[in-house]
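Heads up, the thing below is written out as structure tokens.
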Amino acid sequence: MKKITALLSAVLIAASLTVPTAASAVSTEMVISPVSDNNVTATDTIGFTAEVVRLVNKERSSRGLKELRMFPRLSKAAMVRAQETSVVWDHVRPDGRSISTVCNEIGIGWDHIGENIAYGHNSPQAVVNGWMRSDGHRANILSTDYQYIGVGVCESKGILYWTQYFIGTTDNHPEAYSVQYYGDVNSDGRVDAVDASLVLEDYASVMSGRSYTLSSSQRAKAEVSGDDLVNAVDASQILAMYAKSSTR
């Protein structure tokens, strides 16, 4: 049987908020470790991003550190990087630019930025465990320089590629929220069909030229698919999350 290896790499960049400098990697490493004797096959990744954030915050809270808040636009950037690392495994983008340019393109300012990447792990717990066993990745996860986190995961040829983005900034991002509210649009403590119907109502209103029916904070919680849109895809994924929780 073919053995899959998990590759991990971490980078931390510090630069000016308003005029980011060229990337300067102060912590970069590569760790190779076995994950499984079987190929990683097609995986249902719904809810994986939130689970990674939950596990990261569990590690932080056990050490008395503040939780990192989920930031939908930062998760969009992380998804871009996950897709890019499936093409070119590096902390440099396929076109040679710094990783920080993804945030710049999406309009996210930062004082500190860090990235953890990995591939070959087939669950959130496995990839977080791998990162926590590595000094560079653990330093990013436990850093007090960051307030926000974004996570991206994509599958390519049966292998999952993971990216964590961390930023520290003096900018206020009110759309960021605690991971416990991921998908919980109405903040009632449950992710269920009610949340999905609220998303569909909002989507239908926007598509017909009317105004949003959800507040900006509700729309942030509803954007679970990582594409920076609130639409039927998010409603479908919320229902899938509900179905998963109902069968546990």
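The values are calculated or read from the model by the stated rules, or taken from the named source; none is laboratory data. All figures in this text were calculated on a predicted structure; none of them were measured in a lab. Because the Cβ atoms are built from the backbone with ideal geometry, glycine has one as well, and the counts that use them run over all protein chains shown. Accessible surface is based on the protein model in full, side chains and every heavy atom, while ligands, DNA and RNA are left aside. Shrake-Rupley method; radii C 1.70, N 1.55, O 1.52, S 1.80 Å.
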From (1) in contact with a helix residue (DSSP H, G or I) (Cβ under 8 Å, 6 or more places away or on another chain); (2) touching a residue at least 40 places away in the same chain (Cβ under 8 Å), pick out the condition that doesn't hold for S178. (1)
Selection count, segment 112-122, where residues are in contact with a helix residue (DSSP H, G or I) (Cβ under 8 Å, 6 or more places away or on another chain) and over 24 Å from S98 (Cα atoms): 1
Residues that are free of Cβ contacts under 8 Å to residues at least 24 places away in the same chain, touching an Asp or Glu at 6+ places or on another chain (Cβ under 6 Å) and either part of a helix (DSSP H, G or I) or not assigned by the TED database to the domain that holds R63 (or both): does segment 219-234 have at least one? yes
Among the residues in segment 136-158, are any out of contact with any helix residue (DSSP H, G or I) (no Cβ under 9 Å at 6 or more places or on another chain), farther than 19 Å from L65 by Cα and among the basic types (K, R)? yes
Considering each residue of segment 215-229, count those that are open to solvent by less than 50 Å² (accessible area, probe 1.4 Å) and more than 17 Å from V194 (Cα to Cα), and give that number. 2
Given the residues E105, E155, which is the only one that is charged (D, E, K, R), modelled with pLDDT under 95, open to solvent by 10 Å² or more (accessible area, probe 1.4 Å) and assigned to a strand (DSSP E or B)? E155
Residues in segment 159-174: is at least one assigned by the TED database to the domain that holds W89 and more than 25 Å from N104 (Cβ to Cβ)? yes
For segment 158-194, which residues satisfy the criterion of being part of a loop (DSSP other than H, G, I, E, B), touching an Asp or Glu at 6+ places or on another chain (Cβ under 7 Å) and more than 16 Å from D234 (Cα to Cα)? T169, T170, S178
Residues of segment 187-214 satisfying the condition of being open to solvent by 20 Å² or more (accessible area, probe 1.4 Å) and either touching a Ser or Thr at 6+ places or on another chain (Cβ under 6 Å) or among the small types (G, A, S) (or both): S187, G189, A193, S197, E201, A204, S208, G209, S211, T213
Going through segment 124-139 one residue at a time, which ones are crowded, with 17+ Cβ neighbours inside 10 Å and assigned to a loop (DSSP other than H, G, I, E, B)? S134
